[in-house]
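Since the structure comes first, as structure tokens, the remarks are kept for the end.
The values are calculated or read from the model by the stated rules, or taken from the named source; none is laboratory data. In this text, all values refer to a predicted model and were calculated from it rather than measured experimentally. Neighbour counts run over all protein chains shown; Cβ positions are idealised from the backbone, glycine included. Just the protein is used for accessible areas: all its heavy atoms, side chains included, with ligands, DNA and RNA removed. Shrake-Rupley method; radii C 1.70, N 1.55, O 1.52, S 1.80 Å.
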Amino acid sequence: MDQLCTWLAKQKQYYQQYCEGKTSCSKPHRIAKLESLGVTWAARDAKWNIQYKKLVDFKNTHGTTLVPTKSFPDRNFSNWVAVQRNDYKSKCEGRDHNLDQDRIDKLNAVGFVWNVFDQKWREMYEELQKFRKEYGHVDVPEKYPVNQPLAKWVGRQRLEYKMILEGEGMSKK
């Protein structure tokens, strides 16, 4: 079985080179024969599109593209989401990645959240704005029972601000 997989991977590599104009095809009938067996030349694209469809369905159901990466039952899907974010970060940092502009555009079209930490920060900032509108200040108590996540977030912002003032820098979150 390993030999067959290796051979088929090599055929796909040859086909890719042919499509890119790097080589010629002296036996095009072989391409047709493999296709008649159901060989998918762009298996990665097909797999990517399957996961993308799952993302669209998730967004339609949950109203967000923030797929839980640790507790979601479909680990392949949640890992795929994490890989898209990681590839985008790699692209932005000039490192190797597998994310072309077409995929980026498709993900942007469904409102894909590229940076979870930035998104969570914005959400908590909006919560703080609501708090200020209601109470006229932003001094959220440490043990604010109505919105404990907000209380923790405000505490963390205060801590990070203090660390900046003391020259210790900030964490990534």
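Here is how the numbers come out for the structure above:
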read-out: Cβ-Cβ under 6 Å pairs, at least 6 apart or on other chains, region 108-136 side in a helix (DSSP H, G or I), far side open to solvent by 80 Å² or more (accessible area, probe 1.4 Å); value: Phe117/Lys173
read-out: Among the candidates Gln119, Gln148, Gln157, residue that is open to solvent by less than 100 Å² (accessible area, probe 1.4 Å), under 25 Å from Leu66 (Cβ atoms) and at pLDDT below 90; value: Gln119
read-out: Long-range neighbours under 7 Å by Cβ, at least six apart or interchain, first residue modelled with pLDDT of 70 or more and part of a loop (DSSP other than H, G, I, E, B) within region 14-30, second open to solvent by less than 90 Å² (accessible area, probe 1.4 Å) and not hydrophobic (A, V, I, L, M, F, W, C); value: Thr23/Gln17
read-out: Search result, residues across region 86-103 that are surrounded by 14 or more Cβ atoms within 10 Å (Cβ to Cβ) and either within 18 Å of Ile50 (Cβ to Cβ) or of a type in the set (Ser, Thr, Tyr) (or both); value: Asp87, Tyr88, Ser90, Leu99, Arg103
read-out: Residue among Ala9, Ala82 that is at pLDDT below 90 and among the aliphatic types (A, V, I, L, M); value: Ala9
read-out: Any hit, region 68-85, residues being surrounded by 16 or more Cβ atoms within 10 Å (Cβ to Cβ), aliphatic (A, V, I, L, M) and part of a loop (DSSP other than H, G, I, E, B); value: no
read-out: Asn60, sole failed condition from (1) over 10 Å from the mean Cα position of the chain (by Cα); (2) under 30 Å from Val154 (Cα atoms); value: (2)
read-out: Some residue of region 128-135 being open to solvent by less than 90 Å² (accessible area, probe 1.4 Å), out of contact with any Gly (no Cβ under 7 Å at 6 or more places or on another chain) and farther than 27 Å from Tyr14 by Cβ; value: yes
